[in-house]
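What follows is a set of notes on a single structure, which appears directly below.
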Amino acid sequence: MDALGNPVKLLFTGGNRHDSAVAIDVLSSVDISGSIIMGDKAYGSKEIRNYITENRATYVIPPKADSPNPWECDWWQYKERHLVECFFNKLKHFRRVATRYDKLTSRFKSFAYLACVMILLK
């Protein structure tokens, strides 16, 4: 997502794979230097945080409650993460994407891209 909540990159994975497993792949396909990367607690792994800082970006990711070495989180900036949730809410208005009627990944991808285009055109 960009600062306005518009999609920048979509990556589709299997339902049994967590999003944080491919976070570095998604970030590596976009120039993040000088950006602020926001994520929830699931994206607070050391590998992801190190990748972000190595690429001259900062992160606003809260530490997990059981983290042995918690880091600082700017909670005022973290509130801007609602743009991501708002985008997914807009995407779920497209019933075919929200319920995933399509069995083929290629068809689901094409309708998800079409839904993103429709959201951007509004």
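Match the structure shown to one of the listed values [x] 28, 16, 14; [y] 22, 19, 12; [z] 25, 15, 14 of semi-axes √(5λ) of the Cα gyration tensor in Å, computed from it, and give that label. Entry [x].
Near residue 61, within a Cβ-to-Cβ distance under 9 Å, what is the net charge of the other residues, with Lys and Arg +1 and Asp and Glu -1?
Spelling it out: positives minus negatives among the neighbours equals +1.
Helical content alone sets the calculated 222 nm signal of the chain at -12000 deg cm²/dmol, taking -39,500 (n - 2.57) per DSSP H segment of four or more residues and averaging over every residue. Other residues with beta-carbon under 15 Å from the beta-carbon of residue 46 carry, at +1 per Lys or Arg and -1 per Asp or Glu, a net charge of 0.
We did not get these values from a lab; they are worked out from the coordinates using the rules stated. Worth saying up front: this structure is predicted, and the values here are computed from it rather than measured. Virtual Cβ from ideal backbone geometry, glycine too; neighbours counted across all protein chains shown.
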